[in-house]
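Reviewing the structure listed below.
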Amino acid sequence: MFASDRISIPIGLYGTASSGVLANSAWGVCGIAVGEIGFVGSAGTYVYMLSEGDNICDHFNGVFCNSAPNISGSAEQPPSSHA
């Protein structure tokens, strides 16, 4: 995907109050806005901004921005058992 890409996922569920999203970035630079997630419903629109080093981090645990203190969960790939 590229920065200009847009994906729409129609849910069509009345009364939805929460959502779970898992995202990461590539070549992370702390402090940069890397995207947004928007929710549109009968009560209006809510846009959640993704900011590197705040609520999204780089997928590679190395030299890029690897912290995201304002997330509610995370997934991690276990270390490879291959030598």
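Any read-out appearing in this document is the output of simple, stated calculations on the displayed coordinates, not a laboratory observation. No experiment lies behind these values; they were computed from the predicted model shown. FYI the Cβ positions are ideal-geometry reconstructions off the backbone, even for glycines, and counts take in every protein chain you see.
Derived scalar couplings between HN and Hα for segment 42-53 equal 5, 8, x, 10, 10, 10, 10, 7, 9, 10, 4, x Hz in order, rounded to whole Hz, by the Karplus curve 6.51 cos²θ - 1.76 cosθ + 1.60 (θ = phi - 60°), x for Gly and Pro.
Sequence-distant contacts, meaning Cα pairs under 8 Å at least 6 residues apart, place the relative contact order of segment 7-78 at 27 percent.
Pick out, in residue order, every one of the chymotrypsin sites (Phe, Trp or Tyr not before Pro) in segment 17-46 that is DSSP loop and has at most 15 other C-beta atoms within 10 Å; say none if there are none.
Numbers: sites: 27, 39, 46; in loops: 27.
In loop regions of segment 17-46 (DSSP not H, G, I, E or B), the sparsely surrounded chymotrypsin sites (Phe, Trp or Tyr not before Pro) are 27.
First select every other residue whose beta carbon is under 15 angstrom from the beta carbon of residue 38; then total the charges, Lys and Arg +1, Asp and Glu -1. After counting each charged neighbour, the total is -1. Amide H to amide H distances under 5 Å link residue 56 with 51, where only residues 5 or more positions off or on other chains count and H is placed in the peptide plane. Taking amide H as placed 1.01 Å from N in the peptide plane, the amide H of residue 32 sits under 5 Å from that of 52, each at least 5 places away or on another chain.
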